[in-house]
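The values are calculated or read from the model by the stated rules, or taken from the named source; none is laboratory data. Note that this is a predicted model, so its numbers are computed, not measured. Virtual Cβ from ideal backbone geometry, glycine too; neighbours counted across all protein chains shown.
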């Protein structure tokens with residue numbers, strides 16, 4: 001696959017409607033004026049739940065440690081649900097405290113159905129949906145799901161993985177919003193522990209098989225996994241750590257799908273926003289090998305957001 005700078009790719013493939021984008025949105029979406037809150041920092045969030053919390057660099061194992069450090073006669077599963085309820089309450093409170101003026105500082109322009117079909121949100125909050133409703137006059141659908149197994153109900157784990165809402169714009173165009181790790185709408189289904197993440201990972205292989213079957217039978221590719229493996233992707237405000245194996249599984253399968261020489265031309269690019277001002281991006285060379293930089297890493301995050309907003313408006 002020929003590498004192109006993002007602006008060049010956008011002008012030659014997105015503006016002429018040959019392709020549309022999938023956006024992966026991480027906690028950096030909330031980092032306004034470089035100030036961290038429980039919405040932008042996992043460390044701050046987990047410290048709210050457990051004041052003695054000390055990060056070991058893997059929030060799944062960190063959360064497990066919080067669970068097992070509790071002095072209680074309850075089963076671990078019940079303690080986990082209690083802690084998830086606390087997490088959700090802190091997020092809800094922070095979400096409600098965001099003023100209208102602060103909301104206006106967010107990169108609203110990325111929610112443009114002319115260029116974007118899907119937003120995959122790695123956070124538990126619903127600020128993105130709130131922005132679309134408040135400033136873009138969107139209607140938010142009830143939660144829907146893609147049926148993977150007709151024998152199972154919508155409450156099955158596999159169908160929890162495929163839930164989404166449709167955000168409908170005044171033009172009647174739509175963007176689908178996915179929370180593959182769950183959201184504060186139902187705290188008990190939020191994926192924050194290593195145990196729940198392991199269950200979630202088991203479903204990724206089922207999504208892969210569903211995707212391959214749809215391809216063979218010329219059916220619509222319609223899950224968040226499909227969007228990660230087939231569409232051009234923008235990773236915004238997310239470092240994609242080595243522990244996020246659901247995403248890495250999709251990216252690896254994407255690379256394998258288009259590995260053969262004749263298929264290379266059909267492989268879509270993945271662009272990631274990253275900057276030298278973030279030490280994690282400097283240390284973690286994995287992302288540099290798998291994703292192209294959205295803009296030069298010498299450019300600050302604020303300047304990159306400004307460039308992107310100007311392009312997508």
| query | Quick one: residue 56 ticks every box in (1) outside any helix (DSSP H, G or I); (2) free of Cβ contacts under 8 Å to residues at least 60 places away in the same chain; (3) crowded, with 18+ Cβ neighbours inside 10 Å bar one, so which box is it? | reply | (3)
| note | With the first residue restricted to region 245-274 and required to be farther than 18 Å from residue 224 by Cβ, and the second required to be assigned to a helix (DSSP H, G or I) and at pLDDT below 90, Cβ contacts under 7 Å at 6 or more apart or on different chains are 258/264; 258/266; 274/281; 274/287
| task | Determine whether residue 120 is touching a residue at least 40 places away in the same chain (Cβ under 8 Å), touching a strand residue (DSSP E or B) at 6+ places or on another chain (Cβ under 7 Å), surrounded by 12 or more Cβ atoms within 10 Å (Cβ to Cβ) and not in a loop (DSSP other than H, G, I, E, B). | result | yes
| request: For region 84-97, state whether one or more residues are in a loop (DSSP other than H, G, I, E, B) and surrounded by 14 or more Cβ atoms within 10 Å (Cβ to Cβ). | output: no
| message | It is to be established whether one or more residues within region 126-133 are assigned to a loop (DSSP other than H, G, I, E, B), out of contact with any helix residue (DSSP H, G or I) (no Cβ under 6 Å at 6 or more places or on another chain) and closer than 30 Å to residue 68 by Cβ. | response | yes
| task | Go through region 75-100 and give me each residue that's over 17 Å from residue 50 (Cβ atoms) and over 22 Å from the mean Cα position of the chain (by Cα). | result | 75, 77, 97, 99, 100
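Can we say residue 239 is under 22 Å from residue 26 (Cβ atoms) and either surrounded by fewer than 16 Cβ atoms within 10 Å (Cβ to Cβ) or at pLDDT below 95 (or both)?
yes
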